[in-house]
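Nothing in this text is a laboratory measurement; each read-out follows from the coordinates by a stated rule. Since the structure is predicted, the reported quantities are computational estimates derived from the model, not experimental observations. Positions of Cβ are backbone-derived with ideal geometry, glycine not excepted, and every protein chain shown enters the neighbour counts.
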Amino acid sequence: MMRKKSRYALIPMTVLLFSAVVSLSPPVFASDKLSQTEVRELRQNGTILSMESILAKTRTVQPGDVVEIELDREDGRYVYEVKLIDAQDRFHKLYLDAGSGEVIRQKTR
């Protein structure tokens, strides 16, 4: 009988520990994709640069034909991901800080 009581005594402690872990965890988003409304607001309040500015910066860093551009949230900041193909038919991916236009990283294949 004593054994049964001690087993049930652990339930509140387990629930408390689980609650603490969940409340301290960073928020997880189902998707870091932004809605049109969010993008418009970010652009209007100056948080992100215009796509035209990002494309101009991209072309100075890596000339080529832009085939895709996305705006995402990564590690708490907004990032433009620009995909392009150069004159030698190589595929490039540039990640630019959406607020400053700074190149964060670049991949080529």
Sequence order, the stretch 79-84: Karplus ³J(HN,Hα) from phi using 6.51 cos²θ - 1.76 cosθ + 1.60, θ = phi - 60°, Hz rounded, Gly and Pro as x, gives 9, 8, 10, 10, 10, 8
Phi-derived 3J(HN,Hα) across the stretch 56-68 with the Karplus relation (6.51, -1.76, 1.60, θ = phi - 60°), rounded Hz, x for Gly and Pro, is 4, 5, 4, 5, 6, 7, 9, x, x, 9, 6, 10, 6
Yeah, the stretch 29-108 with a ≥ b ≥ c from its alpha-carbon gyration tensor (a/c under 1.5 is rounded, else prolate when a/b outruns b/c, oblate otherwise) is prolate
Amide H neighbours of residue 48 at under 5 Å, excluding residues fewer than 5 places away on the same chain, with H built from the backbone geometry, are 43
The answer for the net charge of residues other than residue 83 whose Cβ lies under 9 angstrom from its Cβ, with Lys and Arg +1 and Asp and Glu -1, is -2
